[in-house]
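Structure first, commentary second.
The values are calculated or read from the model by the stated rules, or taken from the named source; none is laboratory data. In this text, all values refer to a predicted model and were calculated from it rather than measured experimentally. Glycine also receives a Cβ, built like all others from the backbone with ideal geometry; neighbour counts cover every protein chain displayed.
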Amino acid sequence: MRKHIVAGNWKMNKTFDEADELVNDIMAKLEEVTLDANTTMILCPPFPYLEMVSDYGDDSYFMVGAQNVSDQESGAYTGEVSAAMLESMELDYCIVGHSERRAYYHETDEIVVRKVDQLLKHGLRPIVCCGEVLEEREAEKQYEVVKRQITDGLFHLSAEQFADVVIAYEPVWAIGTGKTATPEQAQEMHAFIRGLIAEKYGNEVAEETSILYGGSCKPSNAKELFANKDVDGGLIGGASLKAEDFIGIATAF
Ligand code: 13P
């Protein structure tokens, strides 16, 4: 049975003390609830807080991921953080190809390829984001766009490598807007993505791939989103910044 994953993408939020408080709150709330045994929780804080967050819990509480990684191995790339560095901190996951990075930092599918390769080389699992902008959905181009992102960003991998990939479908029009995709829209796209994977790597790999939904996911809508057969969890932005909301989502299975 493929993993359910609820990952919190904190984006560029919180000071050190606020981040520390949030992890404390999450740990305290985790004592009060029981996560489904098949659910993995992942926290993705900003780079400077990765060590602090990692030091809090062992893997039985949550895993830790970065929000970005360099597409280069090492060297004179001021301000960048390499996959080797993340590996040396024993991190588990890293987000790649988020729409904010695509839109503001020109992260193309070619860059996504190099980042995914770096992560896999260093034993981290990439959480690869895809999703259409509003104009593309209005023009009914969402399938074409997502197919291109998945094919160009990931289908150079072997089946064995692909087994370590997590996909997050995040329709850009739903991110931070309060406008969530309907459970039907999410299910349709997730099934489409799983179909692409099945065509390329076969049913077994497709059935094992976790495909997360992201975009204004909250405790109030998580249950109906996660109830869909091809929705294996969520990549959560705003609602991951409050322990109560985040745990409310993580317990929605
Ligand atoms: P929101 O949950 O704030 O819409 O953000 C989703 C997201 O971009 C997660 O990566």
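In segment 46-71, the residues that are more than 14 Å from Ile127 (Cβ to Cβ) and free of Cβ contacts under 8 Å to residues at least 40 places away in the same chain reach residues that are among the polar types (S, T, N, Q) and surrounded by 17 or more Cβ atoms within 10 Å (Cβ to Cβ) with C-beta atoms within less than 7 angstrom, at least six apart or across chains, in these pairs: Pro46/Gln67. Scanning segment 38-84 for residues that are within 19 Å of Glu107 (Cβ to Cβ), more than 17 Å from the chain's Cα centre (by Cα), surrounded by 13 or more Cβ atoms within 10 Å (Cβ to Cβ) and not polar (S, T, N, Q) yields Asp71, Glu73, Glu80, Val81. Answer yes if at least one residue in segment 27-46 is more than 16 Å from the ligand (Cβ to nearest atom), closer than 25 Å to Ala206 by Cβ and acidic (Asp, Glu), and no otherwise. Checked against the condition, which is being more than 16 Å from the ligand (Cβ to nearest atom), closer than 25 Å to Ala206 by Cβ and acidic (Asp, Glu), segment 27-46 yields at least one hit. Out of segment 165-178, which residues are crowded, with 16+ Cβ neighbours inside 10 Å and either touching a helix residue (DSSP H, G or I) at 6+ places or on another chain (Cβ under 7 Å) or under 28 Å from Gln118 (Cβ atoms) (or both)? Correct list: Val165, Val166, Ile167, Ala168, Tyr169, Glu170, Pro171, Val172, Trp173, Ile175. Residue under question is Ala243, and the condition is that it be away from the ligand (no atom under 13 Å from the Cβ), within 30 Å of Glu18 (Cβ to Cβ) and crowded, with 18+ Cβ neighbours inside 10 Å; does it hold? Taking the combined requirement at face value, the residue satisfies it. Candidates are the residues of segment 118-155 that are among the small types (Gly, Ala, Ser) and outside any helix (DSSP H, G or I); the one that is surrounded by the most Cβ atoms within 10 Å (Cβ to Cβ) is Gly131.
Listed residues Gln149, Gln161, Gln187; which is of a type in the set (S, T, N, Q), away from the ligand (no atom under 16 Å from the Cβ) and touching an Asp or Glu at 6+ places or on another chain (Cβ under 8 Å)?
Gln187
A residue that is of a type in the set (Val, Ile, Thr), assigned to a loop (DSSP other than H, G, I, E, B) and within 12 Å of the ligand (Cβ to nearest atom) occurs somewhere in segment 164-176.
Output yes when any residue across segment 109-116 is within 16 Å of the ligand (Cβ to nearest atom), within 20 Å of Leu212 (Cα to Cα) and at pLDDT 95 or above, and no when none is. Yes; the residues of segment 109-116 include at least one that is within 16 Å of the ligand (Cβ to nearest atom), within 20 Å of Leu212 (Cα to Cα) and at pLDDT 95 or above. What do you reckon, is Ile111 in a helix (DSSP H, G or I) and of a type in the set (A, V, I, L, M, F, W, C)? Yes, satisfied. Among the residues of segment 233-253, those identified as within 16 Å of Lys179 (Cβ to Cβ) and in a helix (DSSP H, G or I) are Gly238, Ala239. Looking at segment 25-41, is at least one residue more than 30 Å from Lys223 (Cβ to Cβ) and in a helix (DSSP H, G or I)? No. Look at (1) without any contact (Cβ under 8 Å) to a residue 24 or more places away in the chain; (2) within 15 Å of the ligand (Cβ to nearest atom); (3) not acidic (Asp, Glu) and you find that Ala206 fails only one, number (2).
If you filter segment 96-108 down to residues that are more than 11 Å from the ligand (Cβ to nearest atom) and assigned to a helix (DSSP H, G or I), you find that the one that is surrounded by the fewest Cβ atoms within 10 Å (Cβ to Cβ) is Tyr104.
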